[in-house]
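Trainee: So that we are looking at the same thing, I have put the structure below in structure tokens.
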Amino acid sequence: KQEVTQIPAALSVPEGENLVLNCSFTDSAIYNLQWFRQDPGKGLTSLLLIQSSQREQTSGRLNASLDKSSGRSTLYIAASQPGDSATYLCAVQGNTGKLIFGQGTTLQVKP
Amino acid sequence: DTAVSQTPKYLVTQMGNDKSIKCEQNLGHDTMYWYKQDSKKFLKIMFSYNNKELIINETVPNRFSPKSPDKAHLNLHINSLELGDSAVYFCASSRGAGGVDTGELFFGEGSRLTVL
């Protein structure tokens with residue numbers, strides 16, 4: 001049974017810092033891994049999708065890496081801003097299409 | 001123009017009532033999902049439909065019945081509501097139904113259900 005864990009559960013950093021969010025999963029038989037952002041009371045916004053054949057994806061100040069064999073992914077946020085404050089969720093997808101989510105990392109970036 | 005839209009956004013009702021949540025996507029996707037986010041913010045899949053056919057049915061009480069009139073719509077009907085049904089319900093869609101062709105999932109804004 002696939003399990004997804006995100007560490008840390010919460011993180012508070014000053015503005016401008018670079019930071020790394022971690023995601024680990026127990027079953028390496030995945031098709032892709034997706035990082036989402038969720039603002040309070042809002043839906044999920046897709047940030048990056050990494051296919052199982054890829055090692056990383058980049059979008060602006062965000063970089064996500066995937067090491068399928070070790071069951072790990074990281075989301076790197078460069079030069080963090082207060083507007084980055086949100087909960088970040090990672091999710092892995094197996095062959096059925098359903099996503100298995102971690103419980104998220106709640107990020108606060110202080111001005 | 002919203003890609004995945006759900007209505008209502010908020011729903012407050014009494015135990016024992018029956019309620020429905022509607023979802024529509026205008027992305028031309030073939031697959032739609034219902035996810036439940038509990039009070040601890042944990043997201044878990046409930047159902048998935050591909051071209052109007054049920055393909056994922058997790059261990060969900062049969063009081064929950066999804067209906068897909070066409071591939072752009074997936075509604076969720078809940079009978080005999082219980083206190084434990086209080087949660088945020090998210091609709092989502094994707095291009096494919098599994099494997100490498102599934103693509104990104106796009107989520108709606110959620111429907112917050114409160115059962116009193």
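Trainee: If I ask for residues that are of a type outside the set (Gly, Ala, Ser), closer than 13 Å to A:Leu107 by Cβ and away from chain B (no Cβ under 14 Å), which ones from the stretch A:62-90 would you list?
Mentor: Selection gives A:Leu62, A:Leu75, A:Tyr76, A:Ile77, A:Gln81, A:Pro82, A:Asp84.
Trainee: Further question on the same structure: What pairs come out if I take residues in the stretch B:23-51 that are over 17 Å from A:Gly43 (Cα atoms) and facing chain A (nearest Cβ under 10 Å) and pair them with residues that are hydrophobic (A, V, I, L, M, F, W, C) and open to solvent by 40 Å² or more (accessible area, probe 1.4 Å) whose C-beta lies under 8 Å away, six or more apart or interchain?
Mentor: Within 8 Å, the pairs are B:Thr31/B:Ile55; B:Phe47/B:Leu54; B:Ser48/B:Leu54; B:Ser48/B:Ile55.
Trainee: Failed condition for B:Thr114, given (1) more than 16 Å from the chain's Cα centre (by Cα); (2) open to solvent by 30 Å² or more (accessible area, probe 1.4 Å); (3) within 14 Å of chain A (Cβ to nearest Cβ); (4) more than 17 Å from B:Thr2 (Cα to Cα), with all others met?
Mentor: Looking at each condition in turn, B:Thr114 falls short on (1).
Trainee: Given the conditions (1) more than 8 Å from chain A (Cβ to nearest Cβ); (2) of a type outside the set (Val, Ile, Thr); (3) in a loop (DSSP other than H, G, I, E, B); (4) in contact (Cβ under 8 Å) with a residue 24 or more places away in the chain, report the number of the one that B:Pro61 does not fulfil.
Mentor: (4)
Trainee: Using the structure shown, decide if A:Leu19 is farther than 27 Å from B:Asp38 by Cα, within 14 Å of the chain's Cα centre (by Cα) and either surrounded by fewer than 13 Cβ atoms within 10 Å (Cβ to Cβ) or of a type outside the set (Asp, Glu) (or both).
Mentor: Yes; evaluated as a whole, the condition is true for this residue.
Trainee: So A:Tyr31 fits all but one of (1) out of contact with any helix residue (DSSP H, G or I) (no Cβ under 6 Å at 6 or more places or on another chain); (2) at pLDDT below 95; (3) open to solvent by 50 Å² or more (accessible area, probe 1.4 Å); what number is the exception?
Mentor: All conditions pass for A:Tyr31, except number (1).
Trainee: Which residues, taken from the stretch A:55-68, are open to solvent by 10 Å² or more (accessible area, probe 1.4 Å) and either more than 29 Å from B:Thr2 (Cβ to Cβ) or in contact with a Gly (Cβ under 8 Å, 6 or more places away or on another chain) (or both)?
Mentor: Listed by number, the residues that qualify are A:Arg55, A:Glu56, A:Ser65, A:Asp67, A:Lys68.
Trainee: Also: Taking A:Lys42, is it away from every other protein chain (no Cβ under 11 Å) and modelled with pLDDT under 95?
Mentor: No; evaluated as a whole, the condition is false for this residue.
The values are calculated or read from the model by the stated rules, or taken from the named source; none is laboratory data. All of these numbers come straight from a predicted model, not from anything done at the bench. When we count neighbours, we look across all protein chains shown, and the Cβ atoms used for this are built from the backbone with ideal geometry, even at glycine. Keep in mind that these areas ignore ligands, DNA and RNA; they rest on the heavy atoms of the full protein, side chains included. Shrake-Rupley method; radii C 1.70, N 1.55, O 1.52, S 1.80 Å.
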